[in-house]
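Report on one structure; see the data block that follows.
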Amino acid sequence: MSMISMYLKELEQESLTTRKMLSVVPNDKYDWQPHPKSMTIRSLATHIAELPTWITLALTTDELDFASAPYNPVMINNTTELMDLFEKSLIDGRTHLVTENEEKLSEPWTLRSGEEIFMKLSKAETVHHSLCQIIHHRAQLGVFLRLLDVPIPGSYGPSADEIGL
C-alpha cells in the first residue's frame, strides 16, 4: 500500500468519528471553556474542522510561517457552520491525497514564526502529524463536552453513553 493510500484510508476512517463528535457540539456552548488557559469550544472545534487542510499545506507548500501568514480562523457560530467547514476541509485535504503526490512525501516541510522553527518534518510526517492532531484535539473536545454533560459518541467502539453506563 502506498503512503498516499494509507493516509487517504486513515483520513476517511477518522472523518467518521470526527464528524460524530463535531455534530454534538451544542449551539449555546461555543464560548464555553473549562479553564482560562483552555481554548473555547469554538476555537477547538474550528481547529479540528480545519485540520484536514493541513494535508493540503503539506503537499502544496514547503512551509507555513505565521510571521508572514498569521492564522485567522473561520468564524463559526453554530454546529451547522462547523459541519460545513469540516466537510469543505475534508474535500480540500482529500483532493491532494493522490498518487501523483507520493513522490513529494520525502520533501521537507517547516512550521515557523519568522526565525523560530516549531517543526521541521518531511511532508509525509506533516500529513501524519495533521491526522494525529485531528485525533488529539477530537479527544480534547470529548473531555470538554463530557464536562458539559453532553453525551459522547463512540470513537473506536461504543461510548459509555451509547451503552447506557
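The values are calculated or read from the model by the stated rules, or taken from the named source; none is laboratory data. Nothing here was measured: the structure is a model prediction, and the numbers come from that model. Cβ sites come from the backbone with ideal geometry, for glycine too, and all protein chains shown count toward neighbours.
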Next on the checklist: Exactly one condition in (1) within 18 Å of the chain's Cα centre (by Cα); (2) small (G, A, S); (3) surrounded by 14 or more Cβ atoms within 10 Å (Cβ to Cβ); (4) within 25 Å of S23 (Cα to Cα) is false for S159; which is it?
Outcome noted: (1)
Checklist entry - Just to be sure, is D149 at pLDDT 95 or above and surrounded by 13 or more Cβ atoms within 10 Å (Cβ to Cβ)? => result no
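This table checks each residue for (1) charged (D, E, K, R); (2) within 14 Å of the chain's Cα centre (by Cα).
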residue: M1; (1), (2): no, no
residue: S5; (1), (2): no, no
residue: L11; (1), (2): no, yes
residue: T17; (1), (2): no, yes
residue: T53; (1), (2): no, yes
residue: A58; (1), (2): no, yes
residue: T99; (1), (2): no, no
residue: S106; (1), (2): no, no
residue: R112; (1), (2): yes, no
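With respect to L11, is the statement that it is out of contact with any helix residue (DSSP H, G or I) (no Cβ under 7 Å at 6 or more places or on another chain) and buried (at least 20 other Cβ atoms within 10 Å of the Cβ) true?
The answer is no for L11.
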Next on the checklist: Among the residues in region 26-36, are any at pLDDT 95 or above, assigned to a helix (DSSP H, G or I), exposed (fewer than 14 other Cβ atoms within 10 Å of the Cβ) and acidic (D, E)?
Outcome noted: yes
Checklist entry - If you check K20 against the conditions, is it surrounded by 12 or more Cβ atoms within 10 Å (Cβ to Cβ), charged (D, E, K, R) and touching a helix residue (DSSP H, G or I) at 6+ places or on another chain (Cβ under 8 Å)? => result no
Item to check | Only listed residue being in a helix (DSSP H, G or I) and either of a type in the set (S, T, Y) or farther than 19 Å from M83 by Cα (or both), chosen from A67, A58 | outcome: A58
Item to check | Enumeration of residues in region 13-29 that are out of contact with any Pro (no Cβ under 7 Å at 6 or more places or on another chain) and in contact (Cβ under 8 Å) with a residue 40 or more places away in the chain | outcome: E14, S15, T17, T18, R19, L22, S23, V25, P26, N27, K29
Checklist entry - Are there any pairs, at least 6 apart or on different chains, whose C-beta atoms fall under 6 Å, with the first in region 48-70 and β-branched (V, I, T) and the second outside any helix (DSSP H, G or I), and if so, which? => result I55/H96; T56/H96
Next on the checklist: If I filter region 117-129 for residues that are in contact with a Phe, Trp or Tyr (Cβ under 9 Å, 6 or more places away or on another chain), surrounded by fewer than 16 Cβ atoms within 10 Å (Cβ to Cβ), outside any helix (DSSP H, G or I) and free of Cβ contacts under 8 Å to residues at least 12 places away in the same chain, do I get at least one hit?
Outcome noted: yes
